[in-house]
Each structure stands twice: as C-alpha cells, then as structure tokens.
Amino acid sequence: MATNASRMRFHWSLPPTATTNRLRGVLSGTTPDPTANFAGQLDFCRQADKLGIDSMLLPIGYQRADPVTLAGVFGAATEKLRFMVAARSGVVSPTYFVQQINTVSLVTNGRVAVNVVLGHSSSELRYYGDFLDHDERYRRTDEFWTICDAFWRQEFPVDFAGKYLRVEGATISNQFVSPERNRPEVYFSGSSSMTTQITLAHGDSLLCIAEPPDELAKRVRPALDGGAEVTIVCTQLSRPTREEAVRDAYDLAKDAAERSRNARQHFRREDVESEGFARAYELSERDSLWVTPFLWSGLVPYMGPPTVALVGGPDEIVDAIFTYRDVGVSQFLFQGRPDLDTLIFFGEEILPRIRRREDAEPAARPNSQPRAQTRTPPSAGKDANHV
C-alpha cells in the first residue's frame, strides 16, 4: 500500500462564484463581486473537505476578496482542508505577512500554505503601487522570503538590509502553529529558470502550468534534482465518458469564443510577462489543439493559460495524472468547468481510482519530504539579489 509520503496530492482553485457556471473566467466587460456568493464559496470548501481534496487555493488580485481573511474564515468552518493563500511580495511587509500567516495557522491548526505569485500583468500590479519590472520583482521576492524564513526560524531580532526591503531589530510574538511543521509549505508559481532558483532557495514546490509531459519533464528537472516537488495547474473537463467530455469541451470553447476572444487576445499581446503563460498560448497555436491525447488547449485563447485542460472520462483522467507522475509531478492544482460539478465528480469517481492505483503501483521515486524542516538557510540572506 502506498504511504502518505508517496501519494499524490490534489488541490483546487476557489472559483469566484462557486456556482455551476462553466464560463467562469470569460471576459465580459464587467467583473463580478467576489463576495456576492460567499455562502456558495463556503459550501464549496466544505464539499472539498469531505471529498478529500488536500487544499484550496485562494487567489489574489483586484477581482478577488482578500485571501488571508478568507483562509481564516473558511479554515474555521472546515476540518482537514488546507488553504493555499496566494501572496505577492509587493503588497505587504514581510513582518506583517508572517504575523498574518501565523495567525491563520492558529485558527486552522496549521492548515495553511502559501502560493507565491510574482504577477503576470504589470498594469494590474500598479493598482497596488508596484512598479517594478519582471526581474526586479523576483529579486524583491527573494529578499521578502529571506526575511520570512528568518522569522520562521525564530532568529530574533531579524536585521536585513537589501535593495528593496529593510527591517531592523524585528521580532514577532505569535509563532506558526502546526503539529507537523514550523512554517507553511510554500509554492512558487512560474516557469522560468528564475522561479526554479527561488523555489530551491525558499520553497517546497515549483508550481507551473501544464505542458505535454515530455516537454515538462525537461523543464522541471532542475527543480526535482534540487529536491523540490513539482505541482502543475490546469483545468479539468471530466465526464462519465470521453465522448461526453470531448463534446462538452468543444461546446464550451464555442460559447467562450463568442464572448471573449478579442479581449483575451488583447490581454495577451499587451500585458503578459509570464513565460508559463506565453507557452500556454503557444500550445493553443499548434496545428492541433490536442497537444497529447488527453491535454487540450482549446480554451486558452478565450479563457486564459490556466485553462489548458485534461479532458476525458475517469479512466483517461487517471491515466493522464499517472503519466505526469512518471515525469516527477507529485501535486496537481485544478480548476473545473463547471467547478462544483467537476469537483464532486473528481472526488467521487476519479480520486478513488487514483488511490487504488497508487496502492497497486507505488511510485518508483517517492515524493520528496517537505524541505522546509531540514534545509540549510539559503545564502540569499547575505546576497538578496542572487536570483
């Protein structure tokens, strides 16, 4: 039987409305109120908790409610589900951020993780007063996490003077609360070599948009060799049969194209800085939208890069997941179309198949243990610009 350490983990991205709307994410000229269906979002988290989903991503951005606040509220209403709080280094001070995360850990008994996002849109980052360019954001993020790491190692007082951030004689009283860890698990989003470097310095898992397994394997090898895990993010279009899934996928693309193709293409041309996003768009421009028999890029031009999709019936989805496991992927972050229905279908029909197959086919290479407990302090504390 597979051990917990060798089992794959599955996360979900909290939809802004948590309804059965399959066209979530299509640009329509208006942005929905992120708290309009708060009760539905809470129910969505409770459903995920019962179904055995590992954690719920709480995204960050102008169109979302504050993820740290939601983590505390939803965490108090669930039992096992963790909450992956999306964070940007240019929004709050590292001292205050550690206080926030430590407080959530108290409410949830350690059921909080962090998804570090650098931001793919400079125009949206300027909403928050962040005017750094792509590479500078990485260097500031390195400084930010050097300070956070020192707090979680309780190296008080914390003194740090970098190019972008400075703290002097800093200490905090509330510590991270967990029966298993002394700090949150940290996922760095991105597909560049800089993301890999900063993941190995400060994180536990590299989180990147799904690509064909053979192409992804080459790209993530440095992260795996350095001891990090790899998590992929994608949409899941799963139905009782492959025929139904494929038919619904094409119907969804047709509906989305009528609403938002021009807006999404403008977004790509003018404001995308992420290498992972750029590659997702490249997948959607290949001769075939079926970049593998199970990976489909047909939604990307209309609904964005995270909608690179696994498409199929339960057995096809399971086969796809194990194909990614074979190249080193140990965690998956899903969206669904529609989210609630797909979440329930995954939890009831697909996840049990995965667990049975894991028991029958143990991973040749067990997932790495969380590196945060044992790793040596990164050299970034002395040279914050090393990435």
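The values are calculated or read from the model by the stated rules, or taken from the named source; none is laboratory data. Remember, predicted model here, so these are calculated numbers, not experimental data. Cβ atoms come from the backbone with ideal geometry, glycine included; neighbour counts cover every protein chain shown.
Brief remarks on what is shown
- Of the residues making up region 147-185, those that are more than 24 Å from the chain's Cα centre (by Cα) and aromatic (Phe, Trp, Tyr) are 156, 160, 164.
- Qualifying residue in region 78-89 (condition: outside any helix (DSSP H, G or I) and of a type in the set (Val, Ile, Thr)): yes
- Residue ID - farthest from residue 343 (Cα to Cα), chosen from residues in region 60-87 that are at pLDDT below 95 and not aliphatic (A, V, I, L, M): 62
- Note on region 41-73: residues that are basic (Lys, Arg) and part of a helix (DSSP H, G or I) amount to 2.
- Any chance residue 176 is surrounded by fewer than 20 Cβ atoms within 10 Å (Cβ to Cβ), at pLDDT 95 or above, of a type in the set (Phe, Trp, Tyr) and over 18 Å from residue 193 (Cα atoms): no
- Here residue 287 meets each of (1) at pLDDT below 85; (2) surrounded by fewer than 19 Cβ atoms within 10 Å (Cβ to Cβ); (3) not hydroxyl-bearing (Ser, Thr, Tyr) with one exception, condition (1).
- When 131, 151 are screened for being hydrophobic (A, V, I, L, M, F, W, C), at pLDDT below 95 and touching a helix residue (DSSP H, G or I) at 6+ places or on another chain (Cβ under 9 Å), only 131 passes.
- Test: residue 365 is among the charged types (D, E, K, R) and either modelled with pLDDT of 95 or more or within 30 Å of residue 253 (Cβ to Cβ) (or both): no
- Selection from region 326-349 of residues that are surrounded by fewer than 22 Cβ atoms within 10 Å (Cβ to Cβ) and in a helix (DSSP H, G or I): 326, 340, 341, 344, 345, 347, 348, 349
- Qualifying strands (runs of 3 or more DSSP E) (wholly inside region 141-239; at least 1 residues being without any contact (Cβ under 8 Å) to a residue 24 or more places away in the chain and more than 30 Å from residue 253 (Cβ to Cβ)): 158-161, 166-170
- If the condition is being surrounded by 23 or more Cβ atoms within 10 Å (Cβ to Cβ) and either charged (D, E, K, R) or touching a Phe, Trp or Tyr at 6+ places or on another chain (Cβ under 7 Å) (or both), then region 308-319 contributes 309, 310, 311, 312.
- Taken together, the residues in region 290-307 that are surrounded by fewer than 19 Cβ atoms within 10 Å (Cβ to Cβ) and of a type in the set (Gly, Ala, Ser) amount to 0.
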